[in-house]
Structure formats: structure tokens, C-alpha cells
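K.L.:
Just dropping this structure here.
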Amino acid sequence: DRVLGTIPFKGQVLNQLADFWFEKTKRIAKNHVIDVPDPNVMVVKECVPLPVEMVVRGYITGVTTTSAWYNYQRGVRNFCGVRLPEGLRKDQKFDKPIITPTTKASEGEHDRPISGEEAIKEGLVSREIFERMSEASMKLFDFGSKFVAKHGIILVDTKYEFGLLDGELVLMDEIHTPDSSRFWLADTYDELFRRGDEQRKLDKEYVRTWLANQGYIGDGKPPRLTPEVVIEAAKRYMEAYEKITGVKFKMTEGNAIQRIIKNLKQKGYMQDSERQ
């Protein structure tokens, strides 16, 4: 992952939308959430992260080197252990969702596509854990897809991260956010797909596509985001939040650090320095 710049209110959108989804899916998969004392803060249980990210794809798309479409264009037909048929077009829906795991990379490095069998053989996870992760991921994706469809959105693909808490499998990090997922507007999908045009995106793929058009697909020094791209990205993130939750996004005001400290103190998560 690489840091490309700052998008206004992005952190708030991600935190509040993740909280929304963690609450909606807690009966499908246990999660690490304890409390959300501030729009930008989530208090969680400390888990042991599993070094495999579960990427579930309902459509073939993407411009990055780890994306399904990027690899398919270059002749890859066995992608992360999944056999892809000939004749697929960009943004085409799969007959059924597929799981294409990746390793979990450090900042500045790239996630590495990997099959489930490879992840097991390399000792990243046990077979039992991988099967449980796969089952939970498919259930979460099915729930998320059906939920957003009611709000005129397509859940194109997403990633899930899991950890272990006292030996129990727990969903962690984030879920169904514009950072971890691709969202398209459903009402124009068929027409845009027929014409071969770009889909209307409500996620960070908008920024990825802009970067790709500048010649950057993940290697080397990224170009600086223009103010127009930053503003448009922020608008799309907020639109995703509002469409999915049905709630008007409320922008926070004032000094974020001061507000966070105040809220953490009020909830007892932080003490005044003189009392420590």
C-alpha cells in the first residue's frame, strides 16, 4: 500500500461506514469492535492478524497490477487458483463470485496474489482457518451485495481481513468501505458495459483510474493528486456513505485532534496527563 495524499473527510467516512457494516454483519462473523467514541475513532479488541486478505470478486475489473482484469488482459487464466474462461470483457459479471486471496503487504509494498493452496503450503494459514475464512467471506459478500442492491449500488468486489482473538476467528480492520471495495451505480451498469465505457464509481478506483491515466499503476513515485481529483474523490466517498446508510453525511468541524482527545477522555479511554 502507498500513501498518495489526503482526501477530506475520508477517514470519517471509512470509520463510520465500517461501524455501520460491522453492526449489520455481526451475526454472520464476529468482529473486533468495542466502541466508536468519535466519528474518526474506533476502539477495538487487539487481534493477531492473519497474513492473508480474502478478496471476493463479483465482476472482472481493475487497473492495478494485482487486479483480475489487469492480469486477464495479459493472458493470465489461472488467477489465484481460479480458472478464468476465455472471452471475458472488462467489468463483466462472473457466473458466481470468486475468492482471489492476497498476502498482506507492509506500507510501501504490494499485496501478492496467491491461491488458497499456496497460502496453506507457505504456512500463512492452516487449511481449517482458510476454509473458515472463505465461508465467512462468501456469506459477507452475499449479504453486502443484496443490501447495497436495494440502494441502487453494485458491490463489485471487496476484501476482508481476519484475525485470531483467543483462538477464535474474528473479522477486523474494515468492511465494505470505499477503500476496501469497489462500488458502481447500478442504474447505468448495463448501458455502460454494452458501450465499453467506464462505470460510475463510488470508491477509490476513481483515483486509481486517474493515476493509471497519468501512467502510474503502483510502481515508482506517484503523481500528486490535483485539487479537482481530491474534491471529486471526497464527494464520491460521501455519496457512497449516504446511499448505503440512508443517512445524510455530517461533516465534522473544528480541530479534529482536540475533538478526538475530548471524546476519548469523556469515554474514559484517555486520561489527563497529570493523572497518569
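The values are calculated or read from the model by the stated rules, or taken from the named source; none is laboratory data. Quick caveat: nothing in here was measured; it's all calculated off a predicted structure. Cβ sites come from the backbone with ideal geometry, for glycine too, and all protein chains shown count toward neighbours.
K.L.:
Under 8 Å between Cβ atoms, at least 6 apart or on separate chains: pull out the pairs that start in the stretch 197-224 with a residue that is within 22 Å of Thr158 (Cα to Cα) and touching a residue at least 60 places away in the same chain (Cβ under 8 Å) and end on any residue that is of a type in the set (Asp, Glu) and surrounded by fewer than 16 Cβ atoms within 10 Å (Cβ to Cβ).
P.N.:
Qualifying pairs under 8 Å: Thr209/Glu198.
K.L.:
Being surrounded by 15 or more Cβ atoms within 10 Å (Cβ to Cβ), assigned to a loop (DSSP other than H, G, I, E, B) and at pLDDT 95 or above is true for just one of Ile244, Ile175. Which residue is that?
P.N.:
The unique qualifying residue is Ile175.
K.L.:
So Lys90 fits all but one of (1) surrounded by fewer than 20 Cβ atoms within 10 Å (Cβ to Cβ); (2) more than 30 Å from Pro223 (Cα to Cα); (3) charged (D, E, K, R); what number is the exception?
P.N.:
(2)
K.L.:
Here's a follow-up. Collect the residues in the stretch 83-100 that are within 19 Å of Gly196 (Cα to Cα) and either at pLDDT below 95 or assigned to a strand (DSSP E or B) (or both), keeping them in residue-number order.
P.N.:
If the condition is that a residue be within 19 Å of Gly196 (Cα to Cα) and either at pLDDT below 95 or assigned to a strand (DSSP E or B) (or both), then Gln92, Lys93, Phe94 are the ones that fit.
K.L.:
Which condition number in (1) over 22 Å from Gln16 (Cα atoms); (2) in contact with a Lys or Arg (Cβ under 6 Å, 6 or more places away or on another chain) is the one that Val170 fails?
P.N.:
(1)
K.L.:
Any residue that is among the aromatic types (Phe, Trp, Tyr) and touching a Ser or Thr at 6+ places or on another chain (Cβ under 9 Å) - is there at least one of those in the stretch 73-80?
P.N.:
The first filter runs over the stretch 73-80 and keeps only residues among the aromatic types (Phe, Trp, Tyr), leaving 79.
Keeping just the survivors that are touching a Ser or Thr at 6+ places or on another chain (Cβ under 9 Å) gives 79.
Yes, the stretch 73-80 contains a residue that is among the aromatic types (Phe, Trp, Tyr) and touching a Ser or Thr at 6+ places or on another chain (Cβ under 9 Å).
K.L.:
Please specify each residue of the stretch 195-205 satisfying the condition of being buried (at least 19 other Cβ atoms within 10 Å of the Cβ) and either touching a helix residue (DSSP H, G or I) at 6+ places or on another chain (Cβ under 6 Å) or assigned to a helix (DSSP H, G or I) (or both).
P.N.:
Gln199, Leu202, Glu205
K.L.:
I'd like the full set of residues that are of a type in the set (A, V, I, L, M, F, W, C) and touching a residue at least 60 places away in the same chain (Cβ under 8 Å), limited to the stretch 232-276. Reasoning before the result, please.
P.N.:
Step one: list which residues in the stretch 232-276 are of a type in the set (A, V, I, L, M, F, W, C), which gives 233-234, 238, 240, 244, 247, 249, 251, 256-257, 260-261, 264, 270.
If the condition is that a residue be of a type in the set (A, V, I, L, M, F, W, C) and touching a residue at least 60 places away in the same chain (Cβ under 8 Å), then Ala233, Ala234, Met238, Ala240, Ile244, Phe249, Met251, Ala256, Ile260, Leu264 are the ones that fit.
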